[in-house]
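What follows is a short report on a single structure.
The values are calculated or read from the model by the stated rules, or taken from the named source; none is laboratory data. The structure presented is a predicted model; accordingly, all values stated were derived computationally and were not measured. Counting neighbours? That spans all protein chains shown, and the Cβs are built from the backbone with ideal geometry, glycine included. What goes into the accessible areas is simple: the full protein's heavy atoms, side chains included, and nothing from ligands, DNA or RNA. Shrake-Rupley method; radii C 1.70, N 1.55, O 1.52, S 1.80 Å.
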Amino acid sequence: MSEGLLTTTVGSFPKPDYLTRARSQFSLGKIGREELAALERQATAEVIRLQEEVGLDILVHGEMERGDMVAYFAELLSESMAIGGLVRSYGNRYYRKPIIIGKLHWQGPMTVEMWRYAQGLTDKPVKGMLTGPYTMVDWSFDEYYDSRREAVLDMAQVIHQEAVELEKAGASYIQVDEPAASTRPEEMELVAQGLAVATEGLKAKTMTHMCYGDFAAVFDQIVRLPVDLLDIEAANSDYHLLDLFRGHRFDKEVALGVLDVHTRRVETLEEVKEGIRRGLEVLPPQRLYIDPDCGLKTRTWEEAAAKLRVMVQAVREVRRELGIEG
Amino acid sequence: MLTTVVGSYPKIPNRPRPARLRAAIARFERKEIGEDELRRVEDEVTVEVIQEQVEAGIDIVSDGQIRWEDDQTYFARRMDGFTIDGLIRYFDTNTYYRQPVVTGAVQWREPIAANDYRFAAAHSPRPVKALVTGPYTLAALSANEHYGSFGELVLALARELRQEMLSLEKAGAPIIQVSEPAILKRKEDFPLFRQALEQMMEGLAVEAHLYTWFGDIEGLFPQILELPFSTIGLDFVMGSANYEIISRAPFAKKLGLGIVDARNTRLETVEQIVECIRRVSDVVSVENLYVNPSSRLEHLPREVAETKLKRMVEGVRQAQEVLG
């Protein structure tokens, strides 16, 4: 059993070129679902292999089967959600924003098969990965509900059912991401209620990832969110977030982002070690996990691998300095 | 009672219509086409979206901000004193823009949107409204690494953007919309906001409209009526409290009535639109209303935006019959 500083990643990995090509061919109707699925499994196996080779402790399946973290689930919730027209996200990037068109309900497992496949490839634990109810609703249009609260709470039941299925299949870590959570401080209570429903009664370790926001305003609520572990980005904001932890009593575990995923530059070993040490100033190693700031899908495969190697090496060296086992 | 838009229009349509601008930008980035060709496509798409607004029945159209990556960098890239940094979220949307960083004294160099205005006006059978991102919002959505205080930056931008207002006035714009959504997020800055806008508007004769969105003006009313604009544009969807707020004092200006939800695909009924207009008609007489979407239309798919505008125009037509 490890004494601390376990390493993991936030969730997504870059898609290999062959998969990106296959996805666009599939969308044009040039290849079938089966052919695409086979390539998704091939890429997933490569993601698992890379993580084992790098030496991470808690693995992810890499989300090779997902384009967008909301649209993936929306497509499968076909009785209550539709995929709308193109909306610009930034620059020349567009995405199909989903639309809630009926009462939200779980129709069947959405993530279990891929999780099972990935877990079958490794002895290390693979996290079950879900998009949180608040983010699912916030990043969709809504033509059905009269209030955001109703929509979020119904979506929370859907996500809860999926989490239960993942746990039944054997997942010991379940991550429910809420990247939309920090955008409206006044709705933090709703985020928490959604997560409470989604994680209710789970024995698996639950965690949530948040990014891009003004955490200071909602910190009191964030530390009380009904999950075991908070995953936060820190490298991208010069670890300012850690200052917030100093003044607060809380008993959660924290996964600390020590790699800026928005830059191509590979961090130096010293930089990452310094980031880990800063985390250790406010948390004991048993409660501190080390990971990148956010999903790695925006980096190239080589950049992602290089960054993760530095991260794992940095953790090993800090562990050695502290005399703890990995 | 006239109909208008709050600026941006979705840049690309959905299949089967071709996403020409998206394709052109991608080809430009791959260096397969030059800047001239990209500009030509931007021109064509601008004409196309003006046409769509006109066909929907909009009285005062915009150029759709087809050439703008966003409201901030269109100005920041064309003024001195800015560099452009990484992606950051636009308010509480799931839309991102590259954050301008103020690294030196901000300075207006040359007309930014005047040629765009001239082009649009030459290709529109209806009056075209020009758009300027206000000094407060431009400052609030940028990072300040140069000025000693945020206030200094806002006032410096007001001084420089005045040149842009003058240049648009000279170009013949009948209306200039000054977009200031950010003031709704920090209302305690109103004294600074007022000082900046008064400075920016000094000596201008052009008709100017002040537009806000993504919230209500609780705490800013009635002071907002003292600002040097003929029209105040408000969001009555995300700022539904505005109905009650504006009833507290005589509304001695024209009102930009943002009632069609520019952030959700759910279609308003004609009856709902008529009802919204009726609700404010006790406070602002209908001839002093501009009816428009709640904010920029770019957060919607193109076809939904088009349908919503048509619905809005139909609602206004019926309201005119009912309310005279």
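Quick notes on this one:
- Backbone N within region A:66-99 under 13 Å of label point (7 Å from A:Gln107 Cα along the Cβ vector): A:72-83, A:99
- Relative contact order of chain A, pairs being alpha-carbon contacts under 8 Å that are 6 or more residues apart, as %: 20
- Carbon and sulfur %, accessible surface of region B:109-149 computed with the full protein complex present, 1.4 Å: 46
- Sorted from longest to shortest, the spans of the Cα atoms of chain B along the three principal axes equal 54, 50, 36 Å.
- The charge dipole of the protein assembly as shown, taken about its Cα centre with unit charges on the Cβ atoms of Lys, Arg (+1), Asp and Glu (-1) only, comes to about 960 debye.
- Once C-alpha pairs closer than 8 Å and six or more residues apart are averaged by separation and normalised to the residue number of region A:146-197, the relative contact order reads 52 percent.
- Charged-residue dipole, Cβ positions (Lys, Arg, Asp, Glu), region A:32-99 about Cα centre, Debye nearest 20: 500
- The convex hull around the C-alpha trace of region A:42-149, projected and averaged over every direction, spans 8.4 square nanometres.
- Unit charges at the beta carbon, dipole of region A:1-87: most positive-side option, A:Leu5, A:Ala74, A:His61: A:Ala74
- Violating pairs (Cα-Cα greater than 30 angstrom) within the set A:Lys252/A:Lys297; B:Lys170/B:Lys253; B:Lys170/B:Lys310; A:Lys30/A:Lys168; A:Lys15/A:Lys103; A:Lys273/A:Lys297: B:Lys170/B:Lys310; A:Lys30/A:Lys168; A:Lys15/A:Lys103
- Overall form of region B:1-105 per C-alpha gyration tensor (a/c, 1.5; a/b vs b/c): oblate
- Normalised by the number of residues in region A:54-173, the mean separation of alpha-carbon contacts (under 8 Å, six or more apart) gives a relative contact order of 29 percent.
- FRET efficiency for A:Ser27 and A:Arg149, using Cβ-Cβ distance with R0 set to 41 Å, rounded to 0.05: 0.75
- Computed Kirkwood radius, in angstrom, where 1/r is averaged over Cα pairs of region A:175-297: 14.8
- Among beta bridges identified by DSSP and lying wholly in chain A, the antiparallel ones come to about 25 percent.
- Global dimensions of chain A from alpha-carbon coordinates: Rg and Dmax equal 19.1, 57 Å.
- Expected 222 nm ellipticity per residue - DSSP helices of 4 or more, -39500 (n - 2.57), all of the protein assembly as shown, to 500: -12500 deg cm²/dmol
- Taking every DSSP bridge with both residues inside the protein assembly as shown, close to 20 percent are antiparallel.
- Computed over the Cα atoms of the protein assembly as shown, the ratio of the radius of gyration to the Kirkwood radius (Rg/Rh) comes to 0.98.
- DSSP assigns beta bridges within chain B; of those with both partners inside it, close to 20 percent run antiparallel.
- Extension gain, B:Arg279 back to B:Leu2 (0.36 nm per residue minus Cα-Cα distance, nm): 98.0 nm
- Kirkwood hydrodynamic radius of region B:200-324, from inverse mean 1/r over distinct Cα pairs, in Å: 14.9
- The calculated FRET efficiency for the pair B:Arg186 and A:Ser172, based on their C-beta separation and a Förster distance of 41 Å, comes to about 0.35.
- Each of B:Ser124, B:Tyr147, B:Gly134 was scored by the projection of its Cα onto the charge dipole of region B:57-189, and the greatest displacement toward the positive side belongs to B:Ser124; charges sit on the C-beta of Lys, Arg, Asp and Glu.
- When the charge dipole of region A:187-326 is built from unit charges on Cβ atoms (+1 for Lys and Arg, -1 for Asp and Glu) and taken about the Cα centre, the candidate among A:Val312, A:Ile290, A:Tyr239 whose Cα reaches farthest toward its positive end is A:Val312.
- Region B:63-203, dipole about Cα centre (Lys/Arg Cβ +1, Asp/Glu Cβ -1), debye to the nearest 20: 300
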